[in-house]
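Okay, so here's the structure we're looking at.
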Amino acid sequence: MPPGVRRLGAVLVFAVSLGLVGCGSGSQTLDATALQKQAETVESFAAEGALLAGEIADGRTTGPFAQVQAAALTESAQKVVDSLAPGKAKPAPGLANKLARVRSQAKLVLGWLRPLEHANKVTASRLQSRLGEQASNAKQLAESL
Amino acid sequence: MKRIFEVALGILAAIGGFVDIGDIVFNTAAGATFGYGLLWVVVLGVGGIITYSEMCGRVAAVSKQPVFDAVRERLGLATGLVALVAAQIVNLLTLAAEVGGIALTLQLLSGLPYRALILLGVLALAVVIWVLPFGWIERVFGYVGLCLLVFAVAAIKLHPDWGEVAKGFVPHVNTESPLVYGYFAVGLLGAAMTPYEVYFYSSGAVEEGWTPKDLGINKANAIIGYGLGGFLSFALMITAGALFLPLGIEPELLGTVALGAEVPLGQIGLILALVGTLFAVGGAAIDTCFSGAYNLAQFLGWEWGKYRGEARAPRFTLTWLVLLALGFCIVMTGIDPILLTEYSVIFSVVALPFTYIPILLVANDKSHMERYANGRVANTLGLFYLLVILVVSLTAIPLMLLTNMGQG
C-alpha cells in the first residue's frame, strides 16, 4: 500500500475515533471522581443561575439574553439530572447513597433554575438567594465526596 | 501617510480576525479552571502565529505562492493529499462551529429560534462574501470585532490580583491537575495557531497583490495585529479567572462568556460583548470558508481568488458555496457548536505539522526566496515552534481522551 494511502487511512481512522469519542451513550458507571465532577457541575449551574438572577433583579441585562441564557442553563441542568437517573447511572460499589445525594441536589437546582427564564425583578431576587444557597450546598457536597 | 493607513487597516483587521469561537471558548474555560495560570501559553501561541504568518506573508509577497501551493510542491502529491484532507476536515469542522456560534450569538441578542438563525446567519454570510470586496470583508469584521475589547475593560473593573496575573506569564506546570492543565495548554496553542489563519493570511496577501515592497506591512500586521489579538485572549482569560473561578462557574455556554462583560459593565458591556463576538466569529466563518476554497483550488491548480470575480474563478466560487452549505447542514443536525469547537481545535492541533513544515521549508529556500529567505532569527523561531507543534500534535488526542475533554 502506498505511504500516502496509509496516511490517508490513518487520518480517516482518527476522524472515526473522534466521532466515537463524542458518541458515548447508555448507562455509565460513576466512580467517586466522576460523581464529584457531577456535583461540581451542579454547583456551577447554581452559581451561574444566581449570578444571572442577580443581573435580572438589578435590571442590568436584556430580556432576550436573560431568557435564552436561563433556558440554556435549565436544559443543561436537565441533562445532568437525566444522566444521574437510576436507570442511567450505575454507582461504583459503596457510592449509591452519595449518588442519591448528588441526584437530589441536581433536582433542587433544576427546580430553582426553571422559573428563571420568565422571572421578573422580584422573582429573580428571590431566585438569586435560593440558587446562591444551592451553589454553597452543592460545593459542600462536592467537597465531601 | 497612505502606508501608515494601510498598516493600521491591516492591524485592525488582524485583531478582529485572530479571535474566533475557539479562542473565545478555550480562553474563557482556561481562565475559569486555572485562573491566570495559562496566560504564558497564550504568549507562546501568539509568538508561533506571528512567526509563521510573517513567513507565509513574506513567501506570498515575494513568490506569489500561497501555503497550499507550497504544501503540494514540498510534500509531494500523496502526502500533500493527506494534508489537504486533514486541512479540509479541520476547516469544515471550524466553519460549522463558527456558523453555530453566529446563530447562538444572534439568539442571545434577539431571542429568536436557534435553527431559524442558523439559516439567517448562513444566508447573510453568503451575501456578504458575494457582494463585498475582499478588503471590505476583512475591515468590517475586523473593526466591529474590536468591540471584544470590552473584555479588557471588564477585566480591569473586576479588580483581579495583578500580582497573580503577572505570575501567570511565567511558564510553569500545574502539579495538582497536570493532565487537564496540559489539555488546556494544547487547546490554547491550537486555538492560537489554527491552520486556517495562515491559509487565509497567505492567500489574502496574494489577493491584495502584495509585493516585496509590502514586507514592512506584512511584519507590522503579523506582530502588532496578532499581538493585540493575543491581548484580547488575555482579557478573556483574566475576566474568567477573576469572575467565574471564585464562584465555581465552569462556562459551557457562549452566553456565559458574555456574562463576564455584563456583570462589571451592565447592559452596554453585554451588548458590546455579543456584537464583538458576532463579528469576530462571523469574520472567522468567512476566513474558514475561503480557506477551504483556497486550499482545494491551489492544490488542484484552479483559478482562485475573490479578486478574479465569480465568472473567472467559478470552481473556487462553487467550492466556498458548497463548504458554507455543508457547514450549515452540520450545525442543523443539532450538534452543540461549543463541543464542535473543542473537537475542531484539538483536531487542528494534530494537523498543524502538515501546514507549518512546508512554510518553513519554502521560507528558508534561498533559491526560491533569494535575499528574502529566512534569516537566523526567523529560522531559530521557526524551528523552536516546529518542535512545540510536533509535541502538541502528538499529545493532543491522548490528552483529550485521558481528561474526557478537559473534564478531569
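If you go through the stretch B:156-170 one residue at a time, do you hit one that is part of a helix (DSSP H, G or I) and touching a Pro at 6+ places or on another chain (Cβ under 9 Å)?
Yes, there is a match, as at least one residue in the stretch B:156-170 is part of a helix (DSSP H, G or I) and touching a Pro at 6+ places or on another chain (Cβ under 9 Å).
Quick one: how many residues across the stretch B:242-255 are within 18 Å of residue A:64 (Cα to Cα) and buried (at least 24 other Cβ atoms within 10 Å of the Cβ)?
Residues meeting the conditions: 2.
Among the residues of the stretch B:344-367, write down those that are out of contact with any helix residue (DSSP H, G or I) (no Cβ under 6 Å at 6 or more places or on another chain) and in a helix (DSSP H, G or I).
Within the stretch B:344-367, B:357, B:366, B:367 meet the criteria.
Tell me which residues, restricted to the stretch A:1-39, are modelled with pLDDT of 90 or more and more than 7 Å from every other protein chain (Cβ to nearest Cβ).
Of everything in the stretch A:1-39, those that are modelled with pLDDT of 90 or more and more than 7 Å from every other protein chain (Cβ to nearest Cβ) turn out to be A:35, A:36, A:38, A:39.
Has the stretch A:116-134 got any residue that is touching a residue at least 12 places away in the same chain (Cβ under 8 Å), surrounded by fewer than 22 Cβ atoms within 10 Å (Cβ to Cβ) and within 23 Å of residue B:29 (Cα to Cα)?
yes
On the basis of being of a type in the set (Val, Ile, Thr), surrounded by 15 or more Cβ atoms within 10 Å (Cβ to Cβ) and closer than 26 Å to residue B:123 by Cα, does residue B:362 make the cut?
no
Looking for whichever is away from chain A (no Cβ under 14 Å), farther than 30 Å from residue B:313 by Cα and assigned to a helix (DSSP H, G or I) here; the options are B:150, B:128. Which one fits?
None of the other options fit; the residue is B:150.
Count, please, the residues in the stretch A:100-115 that happen to be within 13 Å of the chain's Cα centre (by Cα) and farther than 15 Å from residue A:128 by Cβ.
7
Assess whether residue B:100 counts as being modelled with pLDDT of 90 or more, in a helix (DSSP H, G or I) and under 26 Å from residue B:227 (Cβ atoms).
The answer is no for residue B:100.
Could you list all residues from the stretch B:97-120 that are closer than 14 Å to residue B:337 by Cα and either touching a Leu at 6+ places or on another chain (Cβ under 6 Å) or among the polar types (S, T, N, Q) (or both)?
B:97, B:103, B:104, B:105, B:106, B:107, B:117 - these are the residues of the stretch B:97-120 that are closer than 14 Å to residue B:337 by Cα and either touching a Leu at 6+ places or on another chain (Cβ under 6 Å) or among the polar types (S, T, N, Q) (or both).
Quickly run through the stretch B:4-55 and pick out the residues that are modelled with pLDDT of 95 or more, under 23 Å from residue B:255 (Cα atoms) and assigned to a loop (DSSP other than H, G, I, E, B).
B:35, B:36, B:38 - these are the residues of the stretch B:4-55 that are modelled with pLDDT of 95 or more, under 23 Å from residue B:255 (Cα atoms) and assigned to a loop (DSSP other than H, G, I, E, B).
For the list (1) closer than 16 Å to residue B:335 by Cα; (2) away from chain A (no Cβ under 14 Å), I need the number of the one condition that residue B:74 fails.
If we test residue B:74 against (1) closer than 16 Å to residue B:335 by Cα; (2) away from chain A (no Cβ under 14 Å), just (1) comes out false.
Checking the conditions here, which among B:281, B:275 is touching a Cys at 6+ places or on another chain (Cβ under 6 Å) and more than 10 Å from chain A (Cβ to nearest Cβ)?
B:275
Of the residues B:213, B:157, B:219, which single one is touching a helix residue (DSSP H, G or I) at 6+ places or on another chain (Cβ under 7 Å), under 30 Å from residue B:301 (Cα atoms) and modelled with pLDDT of 90 or more?
Answer to the check: B:219.
For residue A:47, indicate whether it is facing chain B (nearest Cβ under 10 Å) and in contact (Cβ under 8 Å) with a residue 60 or more places away in the chain.
yes
Yes/no matrix, rows are residues, columns are (1) within 22 Å of residue B:20 (Cβ to Cβ); (2) more than 14 Å from chain A (Cβ to nearest Cβ):
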site	(1), (2)
B:204	yes, yes
B:231	yes, yes
B:234	yes, yes
B:245	no, no
B:254	yes, no
B:262	yes, no
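Do the conditions hold for residue B:132, that is, is it in contact (Cβ under 8 Å) with a residue 40 or more places away in the chain and not small (Gly, Ala, Ser)?
Here the answer is no, as residue B:132 does not meet what is asked.
Might you check whether a residue that is surrounded by 17 or more Cβ atoms within 10 Å (Cβ to Cβ) and either closer than 29 Å to residue B:355 by Cβ or among the charged types (D, E, K, R) (or both) occurs anywhere in the stretch B:163-173? I'd like the intermediate steps shown before the answer.
Start the filter on the stretch B:163-173 by keeping residues that are surrounded by 17 or more Cβ atoms within 10 Å (Cβ to Cβ), which leaves B:165, B:168.
Now drop any that are not either closer than 29 Å to residue B:355 by Cβ or among the charged types (D, E, K, R) (or both), which leaves B:168.
Checked against the condition, which is being surrounded by 17 or more Cβ atoms within 10 Å (Cβ to Cβ) and either closer than 29 Å to residue B:355 by Cβ or among the charged types (D, E, K, R) (or both), the stretch B:163-173 yields at least one hit.
Take the stretch A:62-97 and flag every residue that is farther than 21 Å from residue A:142 by Cα and within 14 Å of chain B (Cβ to nearest Cβ).
From the stretch A:62-97, those farther than 21 Å from residue A:142 by Cα are A:62-72, A:75, A:87; that's our starting set.
Selection gives A:62, A:63, A:64, A:65, A:66, A:67, A:68, A:69, A:70, A:71, A:72, A:75.
Here are B:300, B:270: which of them is touching an Asp or Glu at 6+ places or on another chain (Cβ under 8 Å) and free of Cβ contacts under 8 Å to residues at least 40 places away in the same chain?
The match here is B:270.
Would you confirm, using the coordinates I've provided, whether residue B:381 is surrounded by fewer than 24 Cβ atoms within 10 Å (Cβ to Cβ) and in contact with a Ser or Thr (Cβ under 6 Å, 6 or more places away or on another chain)?
yes
Going by the conditions given, is residue B:363 without any contact (Cβ under 8 Å) to a residue 40 or more places away in the chain, among the hydrophobic types (A, V, I, L, M, F, W, C) and over 26 Å from residue B:254 (Cα atoms)?
On the way: without any contact (Cβ under 8 Å) to a residue 40 or more places away in the chain: no; among the hydrophobic types (A, V, I, L, M, F, W, C): yes; over 26 Å from residue B:254 (Cα atoms): yes.
Judged against the criteria, residue B:363 is not a match.
Say we look at the stretch B:384-408 and pick out the residues that are within 14 Å of residue B:348 (Cβ to Cβ) and small (Gly, Ala, Ser); which of these is surrounded by the fewest Cβ atoms within 10 Å (Cβ to Cβ)?
B:393
Given the conditions (1) under 20 Å from residue B:29 (Cβ atoms); (2) more than 9 Å from chain B (Cβ to nearest Cβ); (3) surrounded by fewer than 16 Cβ atoms within 10 Å (Cβ to Cβ), and given that residue A:42 satisfies all but one, which numbered condition is not satisfied?
The single condition residue A:42 does not satisfy is (3).
Which one of B:239, B:288 is crowded, with 24+ Cβ neighbours inside 10 Å, of a type in the set (Ser, Thr, Tyr) and under 30 Å from residue B:167 (Cα atoms)?
Every option except B:239 fails the conditions.
The values are calculated or read from the model by the stated rules, or taken from the named source; none is laboratory data. None of the values given here were measured: they were computed from a predicted structure. Here the Cβ is made from the backbone with ideal geometry for all residues, glycine too, and neighbour counts use every protein chain on show.
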